[in-house]
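Working notes, structure below.
FYI, it's all coordinate maths here, none of it is from the lab. Given the structure is predicted, the values throughout are model-derived calculations rather than measurements. No Cβ is skipped: glycine too gets one built from the backbone with ideal geometry, and neighbour counts run over all protein chains shown.
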Amino acid sequence: MALIWAESFKDDRAIAPHWLRVVETKKRAEDRSLSHAERGQALEEHEDAVAEYDALVSKAESYFENEANAGNPKTHALIIGVGRYQNGIKEVTTSVHGARTFAEWMLTKFYHPERPLASIEYLESSPDDLGDWIVEDPVASQMGLASPRATLPGEPATFENIENAFERWLKRSGFHLENAAFFYFSGHGVWKAKAFLLAEDAQLPDDNQQSAKNLIDIQQTEVNLFNAPPSIQCFFIDACQDIPLALLQNLAPNPGDALKKPANAPALAQRDAHLYFGSHIAQEAFGPENDAPFFTQELMACLEHRAAAEVLDENSDLWVVRTDSLWSD
């Protein structure tokens with residue numbers, strides 16, 4: 001699981017501290033310097049932590065469904081940052097900074113009174129030299145973390161984990177037709193007839209590897225959701241679309257897989273879905289090593305006011321940003 005925040009779940013029910021305990025107890029249970037008895041105790045503590053976390057997540061899912069049944073649409077976010085790769089693919093730090101920064105922005109600055117933020121599902125593969133996410137106030141207190149400066153490891157962004165997180169996010173997003181679903185990905189991407197995103201365990205074809213593996217076909221994923229609620233779906237992709245020669249020469253027609261297969265159901269009558277890319281075809285995406293990528297920085301600015309379609313209230317600083325105004329900018 002990778003749910004780290006849920007609306008109305010505060011204090012001893014805050015999600016992030018329970019996730020942190022899952023990670024910490026797992027690390028201790030895998031410590032080979034412990035005696036047999038100590039490892040047994042550590043394993044029991046980890047199992048208890050997982051059970052407590054799963055129970056809390058289950059309660060959160062029930063809350064989301066009850067809110068939907070009561071006619072209260074919400075916004076659900078899935079945020080993925082990939083900077084560490086397993087198969088010789090170059091590491092990158094700006095993408096992880098992007099995921100962290102966007103999550104922090106969602107928690108502190110996202111404002112949609114008709115669809116308030118209800119959940120954040122988060123996955124992160126961070127390079128070793130960057131380390132885990134250091135969460136500081138006001139975000140730390142918003143997450144329910146005890147310290148004003150806490151470390152929060154992420155669930156690794158492997159293809160399997162992303163696929164599972166996507167399924168959970170789509171399920172809770174689909175509880176209400178008028179919910180809004182935000183998908184954010186920052187990491188490596190490639191292009192072959194269309195865009196593909198690289199999970200942590202992605203493989204590109206080379207002299208020893210004849211086919212690509214664990215690449216996400218994000219455009220087909222979006223297409224396959226034509227009949228899946230909610231009606232509002234935004235995919236923010238901060239990744240390159242360059243064309244590796246080995247991938248171009250590979251005979252496989254489609255090097256990646258969609259995160260969801262199409263369902264046998266009628267299309268949604270009114271679907272407001274968009275893919276927003278941080279790069280052009282055959283081009284790279286850019287960002288500083290120690291900060292969020294430039295597209296992510298501009299995305300947050302546009303969501304705040306830069307892509308505003310109208311002023312919400314002349315006496316306030318509130319602006320209305322629509323999916324079409326965001327697209328036009």
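Other residues lying with their Cβ under 13 Å from the Cβ of LYS192 contribute a combined charge of -1, Lys and Arg counting +1, Asp and Glu -1.
Close amide-amide hydrogen proximity is noted between GLY287 and PHE294, each under 5 Å apart and 5 or more residues distant or on a separate chain (H modeled in the peptide plane; Pro and chain starts excluded). Quick one: net charge of ILE4's neighbours, Cβ under 12 Å, K/R +1, D/E -1? Once positives and negatives cancel, what remains is -3.
In the structure displayed, which of LYS74/LYS261; LYS26/LYS261; LYS109/LYS194; LYS27/LYS261 lie more than 31 Å apart, Cα to Cα? LYS26/LYS261; LYS109/LYS194; LYS27/LYS261, as the Cα separations exceed 31 Å there. In this rough spin-label picture, where each label sits 7 Å from Cα along the Cβ direction, the SER58-TYR111 distance is 3.9 nm. Computed from backbone phi, the HN-Hα couplings of the stretch 170-179 come to 5, 5, 6, 5, x, 4, 10, 4, 8, 4 Hz, rounded to whole numbers (Karplus: 6.51 cos²θ - 1.76 cosθ + 1.60, θ = phi - 60°; Gly and Pro given as x). Subtracting the Cα-Cα distance of GLU167 and HIS280 from their residue separation scaled by 0.36 nm leaves 37.9 nm. Positive contributions from Lys and Arg (+1) and negative ones from Asp and Glu (-1), summed over other residues with Cβ under 15 Å from the Cβ of CYS240, come out at -1. For the stretch 188-291, GluC sites (Glu not before Pro) are listed when DSSP marks them as loop and at most 16 other Cβ atoms sit within 10 Å of their Cβ; the list is GLU284, GLU289. A full extension of the chain between ASN69 and LYS90 corresponds to an added length of 3.0 nm, given 0.36 nm per residue minus the alpha carbon distance.
Taking the stretch 73-128, which trypsin sites (Lys or Arg not before Pro) meet the DSSP loop condition and have no more than 14 other C-beta atoms within 10 Å?
Working: sites: LYS74, ARG84, LYS90, ARG100, LYS109; in loops: LYS74, ARG84, LYS90, LYS109.
Answer in residue order: LYS90, LYS109.
Arranged from fewest to most other beta-carbon atoms within 10 Å of their beta carbon, GLU114, GLU65 become GLU114, GLU65.
Measuring nothing but how far apart in sequence close Cα pairs (under 8 Å, 6+ apart) lie, relative to its length, the stretch 74-304 scores a relative contact order of 23 percent.
Could you compute the longest span of the chain free of chymotrypsin sites (Phe, Trp or Tyr not before Pro) located in DSSP loops and having at most 13 other Cβ atoms within 10 Å, not counting the site residues? Maximal segment without exposed cleavage sites: 112-285. The H on the amide N of GLU124, modeled in the peptide plane, is under 5 Å from the matching H of GLY81, GLU155, ALA157, each at least 5 residues off or on a different chain. Applying the Karplus relation 6.51 cos²θ - 1.76 cosθ + 1.60 with θ = phi - 60° to the stretch 23-29 yields 3J(HN,Hα) values of 5, 5, 5, 5, 4, 5, 5 Hz, where x marks Gly and Pro. What separates the Cα centres of the stretch 84-103 and the stretch 1-77 is a distance of 24 Å. Evaluating 6.51 cos²θ - 1.76 cosθ + 1.60 at θ = phi - 60° for every residue in the stretch 190-206, the Karplus couplings come out as 9, 9, 8, 6, 7, 8, 10, 9, 9, 6, 4, 9, 5, 10, 9, x, 8 Hz, glycine and proline recorded as x. Using a Förster distance of 41 angstrom, determine the FRET efficiency expected from the C-beta separation of HIS305 and GLN249, and round it to 0.05. Efficiency at R0 = 41 Å is approximately 0.35.
Of the residues GLY287, GLN297, PHE226, the one whose Cα sits farthest toward the positive end of the charge dipole of the chain, with +1 on the Cβ of Lys and Arg and -1 on the Cβ of Asp and Glu, is PHE226. Between VAL96, VAL22, VAL82, the GNM of the chain built on Cα springs shorter than 10 angstrom shows VAL22 fluctuating the most. GNM remark for the chain: springs join alpha carbons under 10 Å apart, and the peak mean-square fluctuation among ALA29, ALA99, ALA265 falls on ALA265.
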